[in-house]
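The values are calculated or read from the model by the stated rules, or taken from the named source; none is laboratory data. The shown structure was predicted, so the numbers you read here are calculated from the model rather than taken from an experiment. Backbone-built Cβ (ideal geometry, glycine too); neighbour counts: all protein chains shown. Ligands, DNA and RNA are excluded from the accessible area calculation, which covers all protein heavy atoms including side chains. Shrake-Rupley method; radii C 1.70, N 1.55, O 1.52, S 1.80 Å.
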Amino acid sequence: MPGNRARVLVLHPVLGILDYRVPHGMAVEPGAIVVVPIGPRQYAGVVWEPERLATEEVGDNRLRNILAVADAPPIPAPVRRLIEWTADYYLSPPSAVLAMALRTSAAFESAPTIVEYRATGQVPDRLTPQRAQALERIGERQGLVRELATIAEVSDAVIRGLVKTGAIEAVVVDTDTPYPLPDPDFGPPDLGADQAHAASVLRHAVGAEAFQPFLLDGVTGSGKTEVYFEAVAAALAAGRQILVLLPEIALTEPFLTRFAKRFGCEPVAWHSGLRTSQRRRAWRAIARGEAMVTVGARSALFLPYPNLGLIVVDEAHETSFKQEDGVHYHARDVAVMRGKFEECPVILASATPAIETHHQVAMGRYEELKLPGRYGAAELPHIEAIDLIREPPERGRWLSPRLVKALEETLARGEQSLLFLNRRGYAPLTLCRNCGHRFQCPNCTAWMVEHRLLRRLSCHHCGHTVPAPSMCPECKSEDTLVACGPGVERIADEVAALFPDAHTAIVTSDTLWSPAKAAEFVARMEHGAIDIVVGTQLVTKGYHFPNLTLVGVVDADLGLDGGDLRASERTFQQIMQVSGRAGRGEKPGTVYIQTHAPEARVMQALVSGDTEAFYAAETEARRDAEAPPFGRYAAIIVSSEDKAAAEETARMIGRAAPQLAEMHVYGPAPAPLAMLRGRHRFRLLVHARRSFDVQDVIREWLGALNWSARVRVAVDVDPYSFV
Ligand code: ADP
Ligand code: ZN
Ligand code: ZN
């Protein structure tokens with residue numbers, strides 16, 4: 001490519017790769033962030049090595065000029081390689097992957113300041129109900145007009161009106177304020193012997209500045225965090241950047257506090273809950289190599305760290321690392337690839353590693369570091385199954401007598417209990433006793449879930465909500481609607497009826513929707529203001545409450561139906577994780593697992609604690625089925641608002657499937673969630689041998705076909721969701 005041309009990966013969803021002319025006097029190198037024209041509009045993009053991204057060559061006379069080069073550091077080469085790899089592996093447009101690296105205006109707007117707004121404390125002369133609501137909800141918070149309006153649930157105009165009255169004022173925020181530097185020697189722990197060994201291996205690996213994946217495999221409460229903090233300290237001492245990935249935003253807040261205890265200040269947080277100014281400040285500091293430690297959700301993986309020396313994926317088995325929309329990538333696997341391109345170690349920490357990860361260890365690709373016991377005096381909890389057929393709860397109740405008795409005793413000792421049920425709301429199904437009518441979502445193949453606290457029925461797939469009905473819409477009778485099955489709210493009601501004096505808390509994404517809410521929950525637990533927690537999977541991870549000694553799993557069978565290939569594994573992981581919340585201090589913990597299938601392999605393994613036997617049996621079953629990690633899957637999901645169009649396209653794709661010995665195509669068939677957000681869905685499932693380049697085949701197969709613009713075809717490589 002001649003010197004005055006540049007190939008640019010543009011943030012445009014369709015026209016991803018285009019050539020431009022570099023105007024006289026402008027210097028661009030690969031990685032430079034630039035602004036380019038497409039039609040009448042301007043887009044951001046990144047200059048790329050032309051030999052690495054192919055596009056149609058355009059004659060010199062048709063080239064348009066690059067308009068500007070952003071005042072930001074270039075996207076480093078390892079990140080460019082990661083973007084290419086991710087696009088290739090997950091069959092996504094490279095521009096869609098690039099969008100994850102540039103997800104902030106900080107990349108192309110060089111202004112170091114941003115104007116935010118906050119309340120002054122002045123009360124406006126005319127205090128309309130909307131204004132009052134706005135001021136009350138905003139409180140001490142600060143943000144853009146749009147952000148404050150969202151928090152206050154009012155229109156932008158209400159906020160602007162308050163600015164005019166002087167009740168809200170503008171403040172200029174410097175988004176280049178440096179972050180404090182974590183100190184590797186601030187609060188080092190005394191490590192136990194197993195911890196010390198693992199830590200020294202990891203420190204060495206950081207020093208070697210070479211790619212090496214580790215599995216840090218330690219039971220819950222074994223002190224994995226303290227161990228990988230030693231690797232963080234080593235990277236800090238060497239002046240390298242560090243990325244820690246967590247599976248959920250809710251876990252960030254406790255992590256920040258814990259990190260500050262060890263390193264003297266908080267790390268930089270990156271997640272979808274950040275304000276624009278925070279996001280900008282973080283992005284710029286990261287891109288300049290000044291933000292040393294970032295903790296974030298999976299999207300932090302694509303940020304342009306110029307000097308990355310260590311990646312940690314905590315709770316690495318969590319399936320929430322798999323992104324289910326847009327680019328369907330698995331952050332755990334992409335993290336390992338990033339480590340490869342960056343030539344740095346990657347630590348996957350987990351008490352219940354995925355079968356896939358164990359397999360990598362067995363193949364000698366990952367090094368395993370084990371922490372077999374809990375740290376200090378803490379013992380692993382005692383686990384018992386309760387057979388719901390032999391010891392059923394009372395009629396209309398969900399907690400069996402043995403679990404109720406244990407709750408009572410725990411309360412009497414002044415200790416805390418946790419009841420786990422992975423179902424939000426009050427009841428998963430409402431039906432009419434008179435005519436049998438069931439409340440279904442109009443947009444999805446799903447029942448409407450009753451949320452009694454909010455007096456609403458809501459669909460957990462698309463968010464559709466309606467006020468709780470008082471009358472059956474079918475037969476018009478009143479007082480005939482019944483709630484079927486329990487959700488956490490219903491369990492909390494049962495607890496309140498059994499123990500009217502106990503303080504209960506419901507913990508779900510409905511109640512813990514922000515880091516601040518999570519911090520508040522942690523504080524209340526630590527101060528003993530809560531006796532019994534009723535929660536979904538949100539409470540199963542990461543938390544450390546020394547006075548929590550009893551865990552009850554309300555319905556251990558819930559995750560087993562559905563026939564998903566990972567159903568047993570996931571049930572095992574989830575129950576091990578929630579059990580891991582019990583007895584983390586000096587007091588021993590007990591776990592009760594309510595089940596209809598106490599003889600199932602997964603229940604037996606949980607009770608006996610024979611993790612290895614369970615993994616061995618699961619792994620053999622996978623080998624027999626040629627399921628991952630021994631074989632591979634890719635799902636092709638065809639959807640449209642027009643059912644016939646979706647079905648026809650799915651059939652056409654099925655007919656065009658290549659006939660190969662290494663690969664088998666199942667379907668198309670209606671997806672288990674046959675309708676989602678108003679779209680009809682059909683699935684094809686591709687099953688192939690491990691070593692087979694299934695992406696290449698799918699690329700060619702789908703690339704040769706055309707379908708109507710009303711139909712969307714998404715490919716999910718290594719799918720985790722089979723709905
Ligand atoms: P895991 O992540 O393996 O479940 P944690 O890292 O949360 O375990 O450790 C469990 C508890 O033990 C935490 O409260 C932690 O602070 C404490 N702990 C672990 N190792 C040490 C140590 N070496 N010195 C002091 N406290 C420790
Ligand atoms: Zn009815
Ligand atoms: Zn819905």
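Condition check ((1) charged (D, E, K, R); (2) open to solvent by less than 20 Å² (accessible area, probe 1.4 Å)) across all residues:
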| position | (1), (2) |
| --- | --- |
| ALA101 | no, yes |
| ALA111 | no, no |
| PRO124 | no, yes |
| ARG131 | yes, no |
| GLU136 | yes, no |
| THR150 | no, no |
| VAL163 | no, no |
| GLU169 | yes, no |
| VAL172 | no, no |
Within the range 234-252, considering residues that are buried (at least 24 other Cβ atoms within 10 Å of the Cβ) and within 14 Å of ligand 1 (Cβ to nearest atom), the one nearest to GLY339 (Cα to Cα): VAL244
Residue pairs qualifying under the 8 Å Cβ cut-off, at least six apart or on distinct chains, with the first in the range 190-202 being at pLDDT 95 or above and the second being among the basic types (Lys, Arg) and within 16 Å of ligand 2 (Cβ to nearest atom), are none
If you go through the range 232-248 one residue at a time, how many are within 22 Å of PHE302 (Cβ to Cβ) and in contact with a strand residue (DSSP E or B) (Cβ under 9 Å, 6 or more places away or on another chain)? 10
Failed criterion for SER277 (all others in (1) in a helix (DSSP H, G or I); (2) polar (S, T, N, Q); (3) open to solvent by 10 Å² or more (accessible area, probe 1.4 Å) hold): (3)
Listed by first then second residue, the pairs whose first member lies in the range 425-437 and is under 11 Å from VAL482 (Cα atoms) and outside any strand (DSSP E or B), whose partner is at pLDDT below 95 and within 16 Å of ligand 1 (Cβ to nearest atom), with beta carbons under 7 Å and at least 6 positions apart or on separate chains, are none
Any residue in the range 450-475 that is under 18 Å from PRO486 (Cβ atoms) sitting within a Cβ distance under 9 Å of a residue that is within 16 Å of ligand 2 (Cβ to nearest atom) and hydroxyl-bearing (Ser, Thr, Tyr)? List the pairs, counting only those 6 or more apart or interchain. GLU450/THR430; LEU457/THR430; ALA468/THR430
Test result for ASP493, farther than 21 Å from LEU380 by Cα, assigned to a loop (DSSP other than H, G, I, E, B), more than 16 Å from ligand 2 (Cβ to nearest atom) and not hydroxyl-bearing (Ser, Thr, Tyr): no
Given (1) open to solvent by 40 Å² or more (accessible area, probe 1.4 Å); (2) farther than 26 Å from THR319 by Cβ; (3) away from ligand 3 (no atom under 16 Å from the Cβ), identify the lone condition not met by ARG456. (3)
Within the range 539-551, which residues are touching a strand residue (DSSP E or B) at 6+ places or on another chain (Cβ under 6 Å) and open to solvent by less than 10 Å² (accessible area, probe 1.4 Å)? VAL539, LEU548, LEU550, VAL551
Taking the range 438-449 and the residues there that are assigned to a loop (DSSP other than H, G, I, E, B) and over 12 Å from ALA483 (Cβ atoms), the one that is nearest to ligand 1 (Cβ to nearest atom) would be ALA446
Condition check for PRO473: closer than 26 Å to LEU431 by Cα, in a loop (DSSP other than H, G, I, E, B), of a type outside the set (Phe, Trp, Tyr) and within 16 Å of ligand 2 (Cβ to nearest atom): yes
Candidate set: the range 476-490, residues that are assigned to a loop (DSSP other than H, G, I, E, B) and of a type outside the set (D, E, K, R); chosen: the one nearest to ligand 3 (Cβ to nearest atom): GLY487
Filtered residues of the range 1-58 (kept if aromatic (Phe, Trp, Tyr) and either touching a residue at least 40 places away in the same chain (Cβ under 8 Å) or part of a loop (DSSP other than H, G, I, E, B) (or both)): TYR20, TRP48
State all residues of the range 577-588 that are buried (at least 24 other Cβ atoms within 10 Å of the Cβ) and touching a helix residue (DSSP H, G or I) at 6+ places or on another chain (Cβ under 9 Å); if no residue qualifies, say none. VAL578, SER579, ARG581
Filter the range 173-230 for residues that are within 27 Å of the chain's Cα centre (by Cα) and among the charged types (D, E, K, R); which is farthest from ALA377 (Cα to Cα)? GLU230
Determine the pairs where a residue that is part of a loop (DSSP other than H, G, I, E, B), located within the range 679-699, has a partner that is surrounded by fewer than 18 Cβ atoms within 10 Å (Cβ to Cβ) and not acidic (Asp, Glu) with Cβ atoms under 9 Å apart, the partner being 6 or more residues away or on another chain. ARG690/PHE630; PHE692/LEU660
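Results for (1) surrounded by fewer than 23 Cβ atoms within 10 Å (Cβ to Cβ); (2) in contact (Cβ under 8 Å) with a residue 24 or more places away in the chain; (3) within 25 Å of THR252 (Cα to Cα), shown as yes or no for each residue.
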position	(1), (2), (3)
GLU290	yes, yes, yes
LEU303	no, yes, yes
VAL312	no, yes, yes
GLU318	no, yes, yes
PRO372	yes, yes, no
